[in-house]
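Read the structure below first, then the notes.
The values are calculated or read from the model by the stated rules, or taken from the named source; none is laboratory data. Here the structure is a predicted model, which is why all the values come from computation and not from measurement. Glycine also receives a Cβ, built like all others from the backbone with ideal geometry; neighbour counts cover every protein chain displayed. Please note that ligands, DNA and RNA were not included when accessible areas were found on the heavy atoms of the full protein model with its side chains. Shrake-Rupley method; radii C 1.70, N 1.55, O 1.52, S 1.80 Å.
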Amino acid sequence: MSALTVRLPDDKHRRLKELSRQRKISVSKLIDEMTTLMLADFDAETRFQLRATRGQGKTFRGLELLEKAKKQSYDQRS
């Protein structure tokens with residue numbers, strides 16, 4: 001585990017301490033949880049961008065597949 005020094009305005013630090021008290025966890029644990037959420041968002045965005053890049057130029061094929069799936073779904077209901 002690594003140690004990290006972060007400089008925050010006093011008001012923000014006070015509010016983080018208040019939030020950590022309400023949640024009954026340490027400020028360190030609160031920051032750990034917040035960074036976990038931010039990294040999950042970052043990972044999701046990265047995966048989305050990668051998939052979008054792989055799909056470039058394939059719009060027509062994707063729409064064809066969507067139309068085929070709609071037709072099959074409609075045929076199954078009939």
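Is it true that some residue in the range 53-66 is basic (Lys, Arg), at pLDDT 90 or above and in a helix (DSSP H, G or I)?
Our first condition is that a residue be basic (Lys, Arg); within the range 53-66, this holds for 54, 58, 61.
After this cut, where a residue has to be at pLDDT 90 or above as well, the list is none.
Looking for residues that are basic (Lys, Arg), at pLDDT 90 or above and in a helix (DSSP H, G or I), one finds none in the range 53-66, hence no.
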Subset of the range 1-41 [touching a helix residue (DSSP H, G or I) at 6+ places or on another chain (Cβ under 9 Å) and not in a helix (DSSP H, G or I)]
LEU4, VAL6, LEU8, ILE25, SER26
Selection status of ASP10, acidic (Asp, Glu), modelled with pLDDT under 95 and loosely packed, with under 10 Cβ neighbours inside 10 Å
no
So if I check each of LEU50, LEU4, which one is modelled with pLDDT of 90 or more and surrounded by 10 or more Cβ atoms within 10 Å (Cβ to Cβ)?
LEU50
One residue is enough: does the range 43-54 have a residue meeting the conditions within 16 Å of the chain's Cα centre (by Cα) and of a type in the set (Lys, Arg)?
yes
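Residues are listed down the side, and each one gets a yes or a no for (1) open to solvent by 100 Å² or more (accessible area, probe 1.4 Å); (2) in contact (Cβ under 8 Å) with a residue 12 or more places away in the chain; (3) under 30 Å from LEU4 (Cα atoms):
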{"site": "LEU39", "(1), (2), (3)": "yes, no, yes"}
{"site": "GLY57", "(1), (2), (3)": "no, no, no"}
{"site": "GLY62", "(1), (2), (3)": "no, no, no"}
{"site": "TYR74", "(1), (2), (3)": "yes, no, no"}
Just checking, does the range 29-37 include any residue being open to solvent by 100 Å² or more (accessible area, probe 1.4 Å) and within 18 Å of the chain's Cα centre (by Cα)?
yes
